[in-house]
């Protein structure tokens, strides 16, 4: 698993080379969300596990702890390109997109 700084994650997303999964709750997503991210729920977990193990996956949460755990889970499942947004959506708001509310 690689920790990726917000600006580097923005570049990966802009290139369309990675899927960004949000491990926060629906309530947190209603407060602030990174455009293009998808909610990691049970259905998404099953869908991801069916993907090729070379699929690039990135995860984020509020500060990076919950998403690190999700990233480690998918590493254990055999995925080889797994990333965690360092500092979470808080760092994203601070370093990339200040229009994303901080909470």
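Just so it is clear, none of the values below were taken in a lab; they were calculated from the coordinates. Note that the coordinates shown come from a computational prediction; the quantities given were computed from them, not determined experimentally. Cβ sites come from the backbone with ideal geometry, for glycine too, and all protein chains shown count toward neighbours.
Take the Cβ atoms of residue 2 and residue 39, set R0 to 25 Å, and the FRET efficiency comes out at 0.65.
Taking other Cβ atoms within 10 Å as a rough exposure proxy, 93, 99 sort from fewest to most as 99, 93. Helix-only arithmetic for the chain: the sum of -39500 (n - 2.57) across DSSP H runs with n ≥ 4, divided by the residue total, places the mean residue ellipticity at 222 nm at -11500 deg cm²/dmol.
How much length, in nm to one decimal, is gained on full extension between residue 63 and residue 14, taken as 0.36 nm per residue of separation minus their Cα-Cα distance?
15.5 nm
Label separation (residue 30 vs residue 72): 3.1 nm, computed from points 7 Å beyond Cα along the C-beta direction. So how tilted is helix 65-76 from the main axis of the chain? Cα-based, degrees 0 to 90, rounded to 10. For helix 65-76, the angle is close to 20 degrees.
The convex hull built on the alpha-carbon positions of the chain has an orientation-averaged projected area of 5.7 nm².
Summarising the label geometry, the points placed 7 Å from Cα in the beta-carbon direction at residue 47 and residue 99 lie 2.5 nm from one another.
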